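Heads up, the thing below is written out as C-alpha cells.
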Amino acid sequence: MTGTGSASVSAVIVDWGGVLTQSFDEAIAVWAAAEGVAAGEFGAVLGRLLGPDAVPDGGPNPFHRVERGELPVAEFESALAALLRRTDGAPVPAEGLVQRMFAPFAMDPAMTGLLRRVRSAGVPVALLSNSWGHRYDREGWEDLFDAVVISCEVGMRKPEPEIFRHTAGLLGRRPQECVFVDDLGRNVRAASALGMATVHHRAAAETEGALVRQLAGLSAISGRA
C-alpha cells in the first residue's frame, strides 16, 4: 500500500533525499565509486548506526547528533571517516566528506513538477529533511515550498514527533491535516502515529497517484492528460 490517510488532508510535507532526488542508494553509489569506497561497506556502517540495532536515540550516535545540529560537521566527518576505508586500504579524507557524499544528489524533475502542480492547486507544501550538514542547492525552492525545515537548523530530527508538529504548524495545519511523503519506513510510521496521512515514496508516478487520492481527489495536480 503506497499511502494511508483521509479526505481532510489539505497540506503536503515532503522529504528531500530519496524523494525529491534519485534514490539514496543510487546517489551514494556514485559517491562511493568516486571516493574509492565499497558501497556495501558504507551500507554496513549505516546499518550499525541507523538500522534497527542502532544505538538508541539520545545515545552518543554521531548521525543523530549531527542531524540535530549538536555535533559540528567537521567532527562528524572525522567520526565517519574513521569508520571507512578505501578499497586500496587508504583512509578516507575527512575534510569535505559530507559535501562530496551529497554532491551526486540531483532533483527529480518528475517530483518537482508534481510539487509545482500541488502548489498551483492551492495546497501548501513544506520540505522536511534530516541533514548531515551539507549545503543544499536551494535554487528554485521558493517555487516549490511554503516552508523549509532542515533538522540541524531546528534542533530536531525525524522520526521525533516534535519536528512533524513543528513543520505542520509552519503551514498553519494540524498534523491530521497533512500528508507526509518519505522514502524511509520509520519516518512514515512516526508521522502516521501522529495522525498524518502518509505516502511511502518509491517512484514519482506512484506518489502522484497517492497524493491525488489523499488531497480530496484533486485531479488538477495530475500530470497525466
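The values are calculated or read from the model by the stated rules, or taken from the named source; none is laboratory data. Quick caveat: nothing in here was measured; it's all calculated off a predicted structure. Note: ideal-geometry Cβ built from the backbone for every residue, glycine included; neighbour counts use all protein chains shown. For the accessible areas, the whole protein counts, side chains as well, though only heavy atoms, and no ligand, DNA or RNA atoms are used. Shrake-Rupley method; radii C 1.70, N 1.55, O 1.52, S 1.80 Å.
Numerical summary
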read-out	value
Space enclosed by the convex hull of the alpha-carbon atoms of the range 139-222, per residue, Å³	112 Å³
Size of charge dipole - the range 68-174 - debye, nearest 20, with Cβ of Lys, Arg +1 and Asp, Glu -1, no other charges	400 debye
Average accessible area per residue (Å²) across the chain - probe 1.4 Å, nucleic acids and ligands excluded	45 Å²
Net lengthening on full extension, residue 138/residue 176 (0.36 nm per residue, minus Cα-Cα)	10.9 nm
Three principal axis lengths of the chain [C-alpha, angstrom, descending]	55, 37, 31
Difference of contour (0.36 nm per residue) and Cα-Cα distance, residue 99 to residue 186	28.8 nm
Helix 161-170 vs. the chain, principal-axis angle (Cα, 0 to 90°, nearest 10)	50 degrees
Percent accessible area from carbon and sulfur atoms, the chain, protein chains only, probe 1.4 Å	53 percent
Inter-label distance for residue 75 and residue 38, nm, one decimal - labels placed 7 Å from Cα along Cα-to-Cβ	3.1 nm
Segments 143-155, 83-95, 176-188 sorted - mean Cβ within 10 Å per residue, highest first	176-188, 143-155, 83-95
FRET efficiency, residue 193 to residue 48 (Cβ-Cβ, R0 25 Å, nearest 0.05)	0.50
Spin-label model distance (nm) - residue 116 vs residue 202, 7 Å beyond Cα toward Cβ	2.8 nm
Debye, to nearest 20: dipole size of the chain, +1 on Lys, Arg Cβ, -1 on Asp, Glu Cβ	600 debye
Difference of contour (0.36 nm per residue) and Cα-Cα distance, residue 154 to residue 88	19.8 nm
Cβ-derived FRET efficiency at R0 45 Å, residue 26 paired with residue 165, nearest 0.05	0.90
